[in-house]
Amino acid sequence: MNQHVPVSTDHGVLSDALAYAARYLDGLDSRPVAPPPEAIARLRGLGGALPDGPTDPREVLALLDGLGSPATVASAGPRYFGYVIGGALPATVGANWLATAWDQCGGLRAISPTVCAIEEIVVGWLSELLGLPSGCASAFVTGASMASFTALAAARHAVLARADWDVQSKGLYGAPPIRIVVGEEVHVTVLKALGLLGLGRDTAIRVPVDGQGRMRADALPPLDERTILCLQAGNVNTGAFDPAAEICAKAREAGAWTHVDGAFGLWAAAAPERKYLMAGFELADSWATDGHKQLNTPYDCGIALVRHPEALRDAMAATAAYLAAGEEREPTHYGPELSRRGRAVEVWAALRSLGRSGVAELVERCCRLAERFAEGLRAAGFEVLNEVVFNQVLVSFGAPERTQAVIAALQAEGTAWFGGSVWQGRTVMRISVSNWSTTERDVDLALDAIRRVAASV
């Protein structure tokens, strides 16, 4: 007798999923942030031999929750302060579930008019909220790595087109040289994007930075129309912003293309008290950011924005006889993927639920809590190394070995989770405040844990 995959209109599995998810989220505040080793060991139970036949979907979900949930890192919770990872706003979680139920491919209007319409709405809202020029082209991708890849592909195309070289058809063999200029503390995602584009990770000219990691405008090399200049809105360690007003003016005068890595810092433009940090960045040619950082959408949700729509379309367009495309914007012509989920749905839900004032409050609250961390650490006698202008705090506990030991002990203790880094030759603990649900109480609990653990190491 043939066995078939179970097909049913019984929505019990969806009800189970809601119950498991609600229980998981309700427990984030009371569980250790890092999973215990025994929970990680039990993940082996998800493996074994591939079943010969079907399993009831509700049993599958129960197994996934029973073994998978306890082994997760509670990065969705209020006391995870590592890697600039935000939580997911309730509205965005619900939108994610609904969009998954829609199961739309977001590449073509004929496949999903809803997703395409939402993308256009979101780009308009984002451009206004972040102070970017209207009419930007966009792509909704996995994260900042692919957002920078997408924007820099447009930059590569435009810069070479000025030299009468069509890189899409001819490739890079024999192409005129391109000068890439980055700061000494450029983020690895930008270097990765340059490598993927065939421009090389190690060929860029590195501009010296100041004591906060900001590119020095007085140390810029000569720029011209074959230059791609990469700036930072939010140093991944210090949170510092490059002096874009001065640098972008020089780049525009020289005809260079300026790209901005604003994975989390671009959202400063949405908060009136932090907007000064973004002065001059609106003059750039392209921007990369993440919705799953300061905006708190679920993974994954990178966004590339490009001032020159024709450059992005020329770099990314994919045409074929079977791809029915109308005269309106087709997302597949502006990003690297043909098949992809409707990521913009969650961004729409975040912006619609928060509104302009809610986004500003979310960003500003994370910054205020970062300042609270810094004040508490200094009061305890620890060394804070950076000017806390956004959501990042760097702290040293003394010798590198001691700082590393404190970080490891804190991660094992479980009250909060912090990561380590090496910045300008110093071993540091890095604190990133990015979650909508983090409160002053969470910061104070984390500070108590830091003082207690540091005293015991």
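The residue of the stretch 205-229 that is nearest to the chain's Cα centre (by Cα), among those that are closer than 20 Å to P176 by Cα and free of Cβ contacts under 8 Å to residues at least 60 places away in the same chain, is L229.
On the given criteria, is L18 over 30 Å from D444 (Cβ atoms), among the hydrophobic types (A, V, I, L, M, F, W, C), in contact with a Lys or Arg (Cβ under 8 Å, 6 or more places away or on another chain) and in a helix (DSSP H, G or I)?
The answer is no for L18.
Answer yes if at least one residue in the stretch 287-302 is in a helix (DSSP H, G or I) and either hydrophobic (A, V, I, L, M, F, W, C) or outside the structural domain of G107 (by TED's automatic domain parsing) (or both), and no otherwise. No, there is no match, as no residue in the stretch 287-302 is in a helix (DSSP H, G or I) and either hydrophobic (A, V, I, L, M, F, W, C) or outside the structural domain of G107 (by TED's automatic domain parsing) (or both). All conditions but one from (1) surrounded by fewer than 18 Cβ atoms within 10 Å (Cβ to Cβ); (2) in contact with a strand residue (DSSP E or B) (Cβ under 9 Å, 6 or more places away or on another chain) apply to E337; the one that does not is (1).
When A249 is tested against (1) surrounded by fewer than 24 Cβ atoms within 10 Å (Cβ to Cβ); (2) closer than 30 Å to W125 by Cα; (3) in contact (Cβ under 8 Å) with a residue 60 or more places away in the chain, exactly one condition is not met: (3). Among the residues making up the stretch 225-246, those that are of a type in the set (S, T, N, Q) and crowded, with 24+ Cβ neighbours inside 10 Å are Q232, N235, T238.
For the stretch 123-157, enumerate the residues that are under 17 Å from the mean Cα position of the chain (by Cα) and of a type in the set (A, V, I, L, M). First the steps, then the outcome.
As a first pass, look at the stretch 123-157 and keep what is under 17 Å from the mean Cα position of the chain (by Cα): 123, 126, 130, 138-152.
V123, L126, L130, A139, V141, A144, M146, A147, A151, L152 - these are the residues of the stretch 123-157 that are under 17 Å from the mean Cα position of the chain (by Cα) and of a type in the set (A, V, I, L, M).
Check whether at least one residue in the stretch 272-281 is hydrophobic (A, V, I, L, M, F, W, C), at pLDDT 95 or above and within 9 Å of the chain's Cα centre (by Cα), and report yes or no. Taking every residue of the stretch 272-281 in turn, none turns out to be hydrophobic (A, V, I, L, M, F, W, C), at pLDDT 95 or above and within 9 Å of the chain's Cα centre (by Cα).
Can R156 be described as in contact (Cβ under 8 Å) with a residue 40 or more places away in the chain, surrounded by fewer than 17 Cβ atoms within 10 Å (Cβ to Cβ) and not β-branched (V, I, T)?
Details: in contact (Cβ under 8 Å) with a residue 40 or more places away in the chain: yes; surrounded by fewer than 17 Cβ atoms within 10 Å (Cβ to Cβ): no; not β-branched (V, I, T): yes.
In short, no.
Of all residues in the stretch 257-284, exactly one satisfies the criterion of being surrounded by fewer than 24 Cβ atoms within 10 Å (Cβ to Cβ) and closer than 16 Å to I228 by Cβ, namely L283.
The values are calculated or read from the model by the stated rules, or taken from the named source; none is laboratory data. Keep in mind that what you see is a predicted model, and the values were worked out from it rather than measured. So basically every Cβ, Gly included, is an ideal-geometry build from the backbone, and we count neighbours across all protein chains shown.
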